[in-house]
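The values are calculated or read from the model by the stated rules, or taken from the named source; none is laboratory data. Since this is a predicted model, take the numbers as computed values, not measurements. Cβ placement follows ideal geometry from the backbone for every residue including glycine, while neighbour counts extend to all protein chains displayed. Side chains are part of the model used for accessible areas, which takes the heavy atoms of the whole protein and leaves out ligands, DNA and RNA. Shrake-Rupley method; radii C 1.70, N 1.55, O 1.52, S 1.80 Å.
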Amino acid sequence: MDLANAFSALAADLPAVLSMALVGLAGLVMVTLDSFRNDHPAIPWIGVGVLAVSSVWELAHLGAPQGTAFFETIRTGGFAAFVNLVILLTGLATVLLTNPYLSRLKRDYGEVYALLMFATVGMLMLGVANDMISVFLGLETMSVCLYILTGLVREDEGSVESALKYFLLGAFSTGFFLYGIALMYGATGTMTLPAMAQAELATTSAQLLFWGGLGLFLVGFFFKVSAAPFHMWTPDVYQGAPTPLTGYMSTASKAAAFASLILVLYHAVPSGEATLVLSVVALITMVVGNVMALAQRNVKRMLAYSSIAHAGYILVGLAAGTSAGYSGALFYLLVYAVMNIGAFGVMGMLEWDNKQGREQTLDSLAGIGMQRPVLGSTMGIFMFSLIGFPPLGGFIGKYAVFAPAIDAGLTWLVVIGVLMSALSAYYYLRVIYVFWMQSAQDVDTDGVAEAALPQVTPVALGTLVVCAVALVVLGVFFGGVLETTATFFDAATMAATP
């Protein structure tokens, strides 16, 4: 009878993982189809269809009550649906941008899309994990797939070097991560996040064990979100990976990792106890990311350091340690995903040979705005939003994480964040300048001839336009989204219900 009840409970929980199951099944179908007909042209469209259907499913569940499923291992309801929606939409945009990019490079392999699906499954699990085992499974499923995708262009020594560096440093950080989980389990006797917060840490040794474990655990997470001083892999990996896949790594993986970190901080850590650590890491991350980005002439490296800086902005919201801070961080993750997918998408559409993604300098982009006005216009919107100009989503995103930090007494941290945002205007506006106000004759290099630029497919161009329009919408009609994310941290609705 107990076994029957267990199976009944599992069957009742299946809707909670429907998106995860559909995406994973799509990956298996892609592998099977690819084994019978290598690089079948229908493979990417299977991914597009499944990701679109899953996104609609999660959108319909944004207002669902919070709870848990599968014996309290994952969370369900509004928070989970929002995080899943961000990850799925990012994956959808990535497939639409990657297909023409890889076709142009003659590397449109079927297994690439299967790996994207499996990486997305890992991200979906990571972003809604309610216990440490689920966190680890999601993190490693995601990471292994991203290691392989980074080294996709095997003939390019830079791509192979990036993949090896990512793998070695990722494996090293996983050691910290796992040892931290072991210590936290030793101190509390549980793997479930809410139960950790309720555990009695009666002795000094138990308290040291827990906080030491949390410190090691955070090191692993800081690596995954590119927070300084654990950011050293980011510029090389982002530069060496195929450009649309770089956008995927910089957005979807960050969204999943930050969502999981929010759940850990909200459920497993006493309120406000991690504020100092998060504040210091946020400060270092914002400064390192923005200062290093100033010196970059390679656009992908500049965007890599920019992504480090934006991880710092999100950490400002988490450092506040309040419901408003966590809510603002979720909104920022959505905005960041849209603008970074768009920025890397534009750069991918401008690559005209196999190595250009690694070697694409500012000077090589002179005059692109006049040659390709749609690409130039969308890139301008992405850059202005990354700076934080109103009325774009980036401005509201920064307000959403900075305002709770001020309310929490972290005014000094917000002042530094605002100064770093002002500093970032230099390197973002420099991109717009070379796009629209320089020509090939104005620079020492040859620039880009109109004939050298690849043709942009309507699907890819439409994806970029949708991202640009979404930033305007999020900047003007932001109230509904912020109100939705705020409800996720209402004490009455966030409580776990078995």
Filter segment 146-157 for residues that are open to solvent by 10 Å² or more (accessible area, probe 1.4 Å) and closer than 15 Å to L168 by Cα; the one that is nearest to the chain's Cα centre (by Cα) is Y147
Q.
Residues that are part of a helix (DSSP H, G or I) and under 21 Å from A119 (Cβ atoms): does segment 175-186 have at least one?
A. yes
Screening Y179, Y185 for residues that are touching a residue at least 40 places away in the same chain (Cβ under 8 Å) and open to solvent by 30 Å² or more (accessible area, probe 1.4 Å) leaves only Y185
A324 - would you say it is part of a helix (DSSP H, G or I), touching a helix residue (DSSP H, G or I) at 6+ places or on another chain (Cβ under 7 Å) and buried (at least 24 other Cβ atoms within 10 Å of the Cβ)? no
(Q) When you check L386 against the structure, is it modelled with pLDDT of 85 or more, in contact with a Phe, Trp or Tyr (Cβ under 6 Å, 6 or more places away or on another chain) and in a helix (DSSP H, G or I), yes or no? (A) yes
Taking segment 188-198 and the residues there that are over 28 Å from the mean Cα position of the chain (by Cα) and within 19 Å of L261 (Cα to Cα), the one that is modelled with the lowest pLDDT would be Q198
Inside segment 360-375, the number of residues satisfying the requirement of being in a helix (DSSP H, G or I) and either within 24 Å of the chain's Cα centre (by Cα) or over 25 Å from L102 (Cα atoms) (or both) is 2
When restricted to L429, L350, the only residue open to solvent by less than 10 Å² (accessible area, probe 1.4 Å), in contact (Cβ under 8 Å) with a residue 40 or more places away in the chain, under 29 Å from I87 (Cα atoms) and aliphatic (A, V, I, L, M) is L350
Those residues of segment 29-69 which are open to solvent by 60 Å² or more (accessible area, probe 1.4 Å) and either within 24 Å of the chain's Cα centre (by Cα) or on the phi > 0 side of the Ramachandran plot (or both) amount to W45, V53, V56, W57, L59, A60, H61, G63
Contact list, first residue from segment 227-239 and under 10 Å from Y305 (Cβ atoms) and open to solvent by 30 Å² or more (accessible area, probe 1.4 Å), second anywhere and assigned to a helix (DSSP H, G or I) and basic (K, R), beta-carbon distance below 6 Å, six or more apart or interchain, is none
Matching residues in segment 103-133 (open to solvent by less than 10 Å² (accessible area, probe 1.4 Å), outside any strand (DSSP E or B) and either out of contact with any Pro (no Cβ under 7 Å at 6 or more places or on another chain) or of a type in the set (V, I, T) (or both)) number 15
task: Determine whether V153 is of a type outside the set (S, T, Y), part of a helix (DSSP H, G or I) and out of contact with any Cys (no Cβ under 8 Å at 6 or more places or on another chain).
output: no
